[in-house]
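Below is one structure, written out as structure tokens, with a few remarks after it.
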Amino acid sequence: MPPKEKPKKDYTLKVTSPDIGGRTVIGSDKLTLVEQRQFLYVRIVRANGLPVNNMTGTCDPFVELKIGNYKGITRCFEQTSNPEWNEVYAFTRDRLQGGRLEILVRDKESAINEIIGCLSFDLGDTPTRFPPNSPLAPQWYKLEDRNGVKVAGELMLSAWIGNQADDAFSVAWHSDAAAVSGKSVTNIRSNVYLSPVLWYLRVQVIAAQDLAPSDKNRKPEAYIKAVLGNLVLRTTVSKDKNPNPTWNEEVMFVAAEPFDDHLILSVEDKMGANKEVCLGRSVIPLHQVEKRLMPQAIGAQWINLEKYVAEGEEKTEVKFASRLHLRIFLDGLYHVFDEPTYYSSDLRATSPKLWPEKIGVLELGILKAEGLLPTKSRDGRGTTDAYCVAKYGRKWVRTSTIVDSYAPKWNEQYCWDVYDPYTVVTIGVFDNCHLQAGDKNDGTGDPRLGKVRIRLSTLETGRIYTHSYPLLVLQPNGLKKMGELHLAVKFSCNNWINLFHTYSQPLLPMMHYLQPLSVYQLDSLRHQATYILSLRLGRADPPLRREVLEYMLDTGVNRWSLRRANANCERVMTCLSGIVVLWRQFDQIRHWKINSAITVLIYSLFVAMVMCPKLILTAFFLAPFVLGVWCFPKRPRHPPHMDTKLSHAETAQPDVLDEEFDSFPSSKQGEALKTRYDRLRGISGRWMIIIGDLATQLERIHALVSWRDSRATAMFLAFCLIACFLVHKVQFKYLVLVIGTYAMRPPRLRAGIPSIPQNFLRRLPAKTDSML
């Protein structure tokens with residue numbers, strides 16, 4: 001028998017039909033994009049007047065909650081009769097087998113069967129509470145023994161039936177994670193994070209005055225060293241070899257609020273290859289630095305430099321202090337990139353005064369995952385403890401961790417304010433490896449299970465998209481499907497005028513065009529921003545770990561990849577293929593290789609346009625309008641997803657993937673080979689980005705009529721139709737005169753920012769969202 005072929009992996013996007021519509025919604029906090037789940041919430045607040053143990057003479061109380069097969073236990077307080085827990089427990093209602101909730105108050109030093117007191121509640125009498133109703137007030141209950149006789153002590157608690165929109169959901173202990181205990185409980189909770197406000201700290205060094213070199217007989221070779229946190233930047237050595245050097249250079253940092261670090265500026269004298277002497281330094285607290293919130297000039301200032309004194313040396317008084325002439329400010333007129341430009345979820349400037357008006361709301365329902373693969377072993381078997389992380393703008397969300405499940409169900413809903421449709425929401429799935437000490441995986445971080453990117457401009461306004469997205473991870477041994485993620489997405493617009501107006505505005509804040517930063521500066525500053533975010537969000541509870549942020553922010557997007565280079569070349573060829581086909585068709589027509597009637601018709605149209613030139617522009621605008629209308633029935637119905645064929649992920653050879661995942665600098669042996677290899681990768685990486693940019697621009701032109709962004713296509717077709725009639729009515733010579741006059745207009749009439757057609761084209765979607 002011939003060997004059986006391996007079943008082909010299904011990497012397609014699937015339409016799903018979750019139970020999220022057609023049901024009664026209770027309260028104003030609507031769970032419109034997820035399946036509503038009900039929980040029995042129990043809040044244990046405090047106890048009062050508990051008796052002491054006759055054996056120990058103290059009371060070490062804790063509370064045990066039992067319902068069916070589930071059991072929850074509070075913390076144990078030692079030597080107190082009035083403990084205060086304030087803990088919440090959530091039991092999934094559809095998994096409860098028992099009909100009564102038992103609450104037992106125990107003493108740590110008592111026998112297993114002994115209790116201080118107990119309470120019992122019938123689930124049928126439990127009240128229902130949904131937001132925005134106020135939280136249920138806890139009440140005091142007198143403790144009883146097992147026979148129902150009142151005993152000493154009372155317990156304050158509250159119990160209610162609620163859903164995942166309840167305020168207590170994110171802080172509660174969940175029965176689905178009963179195997180997790182101790183400090184690890186915080187690692188399974190859902191949470192919402194806000195990135196710190198990021199600023200560009202600009203230090204423009206002009207000159208120094210009255211430097212005092214240690215060696216009076218040599219000319220100083222001075223440069224400025226700036227230190228912020230763990231980052232050190234240096235200027236070049238001044239060309240002025242005297243005590244009053246000049247630089248006129250700028251160094252830039254990324255600073256985050258609140259400003260914990262101080263900026264340290266020092267003037268260094270380069271004595272040799274590995275020797276430098278500090279001629280003076282100044283420590284500047286960042287909270288005292290001026291912020292630029294509007295386009296206005298910041299004045300320069302002189303600051304005194306203190307003489308650097310090493311440890312053990314005696315500080316001497318200096319009569320004439322050295323000074324440093326500089327301009328320092330926190331620039332809020334730029335957008336601080338923490339993501340690649342193509343995948344940015346926020347394009348606003350740091351200064352709130354420059355923010356555009358809100359155009360809508362993005363709602364995301366993270367429903368469930370299916371078919372997840374095990375990533376670690378526990379008790380001799382494979383397991384996965386999955387959670388999701390979503391990022392849009394400054395807001396990060398992390399779902400709860402579903403313990404030991406290959407088909408976790410989250411059903412959590414989140415929303416974000418939208419200021420620009422040309423933005424991307426990113427959802428990643430990870431395996432939580434910080435729950436139990438016995439978990440064993442290949443690395444120390446949380447393994448990635450895949451991610452999904454959705455561009456808002458590809459979504460129709462007001463429509464709910466429910467799809468199952470393949471979770472794909474590219475590894476050194478090839479492409480691997482880790483499962484499928486079920487999402488529900490909705491983009492709602494509350495201001496149509498602002499939405500359409502956005503397409504004519506610059507993509508980035510105006511200063512990016514008036515005083516642009518270099519590509520090298522932007523790339524360096526983006527890595528600084530990523531590092532700062534990993535430090536700040538890594539201290540949250542539960543933390544967003546560094547490997548999670550790096551994967552969500554695509555820190556390795558500029559890494560050399562022959563696979564991606566080939567994919568970008570193919571994208572360019574695909575966009576140009578239409579021109580090639582048209583040329584071949586025209587070549588056949590002019591050689592009379594097709595039907596003669598078609599050749600005669602084309603020639604007649606050519607003569608008509610030559611005799612009546614205004615038909616040329618009429619046809620020019622009418623043709624894309626007709627093409628767009630013809631493409632309307634075939635417009636994309638679903639959001640884009642990771643395309644393995646487009647990315648060449650399935651066909652990549654092992655040696656190509658080995659090169660893609662190689663470290664930088666290379667780990668290959670041989671110094672000469674290593675030098676040539678790294679240089680080639682650096683040059684090729686730049687060409688890869690250039691080819692990708694070209695492919696993006698060409699795909700945006702194609703998107704004018706493809707209905708991938710339905711609003712943009714509708715606006716473009718309306719413009720073509722209006723221009724068609726306008727050009728038909730106006731004499732051609734006048735149109736040429738107006739266009740020529742506009743093209744040669746004087747500099748005073750030029751704004752210095754991109755034109756409306758450029759702004760419109762830059763907002764059109766491309767296939768970068770589908771690239772792995």
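The values are calculated or read from the model by the stated rules, or taken from the named source; none is laboratory data. Keep in mind it's a predicted model, so treat the numbers as computed, not measured. Every residue, glycine among them, receives a Cβ derived from its backbone with ideal geometry; neighbour counts consider all protein chains shown. For the accessible areas, the whole protein counts, side chains as well, though only heavy atoms, and no ligand, DNA or RNA atoms are used. Shrake-Rupley method; radii C 1.70, N 1.55, O 1.52, S 1.80 Å.
Determine how large the accessible area of I691 is when every protein chain is in place; take a 1.4 Å probe and give Å² rounded to the nearest 10.
40
Report, by chain and number, residues whose modeled amide H sits under 5 Å from the one on T423, excluding near sequence neighbours (fewer than 5 apart, same chain).
For T423, whose amide H was placed from the backbone, the distant partners under 5 Å are L456, S457.
Ignoring ligands, DNA and RNA, what accessible area per residue does region 571-659 give at 1.4 Å, in Å²?
Ligands and nucleic acids excluded, the figure is 70 Å² per residue.
What is the distance, in nm, between label points placed 7 Å from the Cα along the Cα-to-Cβ direction at D658 and at V626?
Those two pseudo-labels are separated by 5.6 nm.
Could you put W396, W592, W560 in order of accessible surface area, largest first, with the 1.4 Å probe and the full protein assembly present?
Sorted descending by solvent-accessible area, the residues read W592, W560, W396.
How far, in nm, would the chain grow between V277 and L680 when pulled straight, counting 0.36 nm per residue and subtracting the alpha carbon separation?
Full-extension gain reported as 141.3 nm.
Which helices, taking whole DSSP H runs in the chain, have alpha carbons extending 15 angstrom or more along the helix axis plus mean Kyte-Doolittle at least 1.6?
596-611, 614-631
Set the Förster radius R0 to 51 Å, insert the Cβ-Cβ distance between A137 and Q475 as r into 1/(1 + (r/R0)^6), and round the FRET efficiency to 0.05.
The formula returns an efficiency of 0.45 here.
Please report, as a whole percent, how much of the solvent-accessible surface of the chain comes from carbon and sulfur atoms (probe radius 1.4 Å).
So the carbon and sulfur contribution to the accessible surface is 56 percent.
Along the Cα→Cβ direction, 7 angstrom out, place labels at F719 and H262. What is the inter-label distance in nm?
Each label point lies 7 Å from its Cα, and together they span 5.4 nm.
Sorting E547, E412 by accessible area (1.4 Å probe), largest first, what list results?
E547, E412
Given the whole protein assembly as supplied and a 1.4 Å probe, what does the accessible area of D662 come to in Å², nearest 10?
10
Take the alpha-carbon centre of region 708-727, take the same for region 371-414, and report the distance between them in whole Å.
The distance from the Cα centre of region 708-727 to that of region 371-414 comes to 44 Å.
To the nearest 10 Å², what's M688's accessible area with a 1.4 Å probe?
Result for M688: roughly 10 Å² accessible.
Which entries in K71/K490; K9/K767; K241/K291; K142/K409 show an alpha-carbon gap greater than 31 Å?
K71/K490; K241/K291; K142/K409
Which shape class applies to region 629-755: rounded if a/c is under 1.5, otherwise prolate when a/b exceeds b/c and oblate if not, where a ≥ b ≥ c are the square roots of the Cα gyration tensor eigenvalues?
Verdict is oblate for region 629-755.
For labels at Q521 and D94 in the simple 7 Å Cα→Cβ model, what's the distance in nm?
Each label point lies 7 Å from its Cα, and together they span 5.5 nm.
Given a cut-off of under 8 Å on Cα pairs at least six residues apart, what relative contact order in percent is computed for the chain?
Values: 1487 pairs, mean separation 85.1, N = 772.
Across the chain, relative contact order equals 11 percent.
Per DSSP H run of at least 4 residues, take -39500 (n - 2.57); add these up for the chain, divide by its residues and hand me the 222 nm value, nearest 500 deg cm²/dmol.
Calculated mean residue ellipticity at 222 nm is -7500 deg cm²/dmol.
For region 628-772, what relative contact order do you get, as a whole percent, if you take Cα pairs closer than 8 Å and at least 6 residues apart?
46
Farthest toward the dipole's positive end in the chain, which of Q79, L694, Q731, given Cβ charges of +1 (Lys, Arg) and -1 (Asp, Glu) about the Cα centre?
Q731
Express the accessible area of region 360-403 per residue in Å², computed with a 1.4 Å probe while the remaining protein chains stay in the model.
Accessible area per residue: 25 Å².
With +1 assigned to the C-beta of every Lys and Arg and -1 to the C-beta of every Asp and Glu, and no other charges, what is the dipole magnitude of the chain about the Cα centre in debye, to the nearest 20?
With Lys and Arg at +1 and Asp and Glu at -1, about 3220 debye.
Between D240 and K270, how high is the FRET efficiency from 1/(1 + (r/R0)^6) when r is the Cβ-Cβ distance and R₀ = 22 Å? Nearest 0.05.
Efficiency, from the Cβ-Cβ distance: 0.95.
Would any residue of region 698-720 have its amide N under 14 Å from a label point 7 Å out along Cα→Cβ of R745? List them or say none.
The answer is none.
From the residues T461, L265, V52, which one has its Cα farthest along the dipole of the chain in the positive direction, the dipole being from +1 and -1 charges on Cβ of Lys/Arg and Asp/Glu about the Cα centre?
Positive-most Cα among the choices belongs to T461.
Rounded to the nearest 0.05, what FRET efficiency do L373 and V149 have when you use their Cβ-Cβ distance and R0 = 41 Å?
0.15
Order V519, V151, V180, most accessible first, counting only protein heavy atoms with a 1.4 angstrom probe.
Most to least solvent-accessible, the answer reads V519, V151, V180.
Note the full-extension length gain between N558 and I594 as 0.36 nm times their separation in residues minus their Cα-Cα distance, in nm to one decimal. Before the final figure, lay out the partial values.
On the way: separation 36, 0.36 × 36 = 12.96 nm, distance 4.76 nm.
Gain in length upon complete extension: 8.2 nm.
With a ≥ b ≥ c the root eigenvalues of the C-alpha gyration tensor of the chain, is it rounded (a/c under 1.5), prolate (a/b larger than b/c) or oblate?
oblate
Counting only heavy atoms of protein chains, what accessible area per residue, in Å², does region 456-500 have with a probe of 1.4 Å?
34
Past the 26 Å Cα-Cα mark, which pairs from K376/K645; K451/K645; K368/K391; K358/K634?
Checking Cα-Cα distances, K376/K645; K358/K634 exceed 26 Å.
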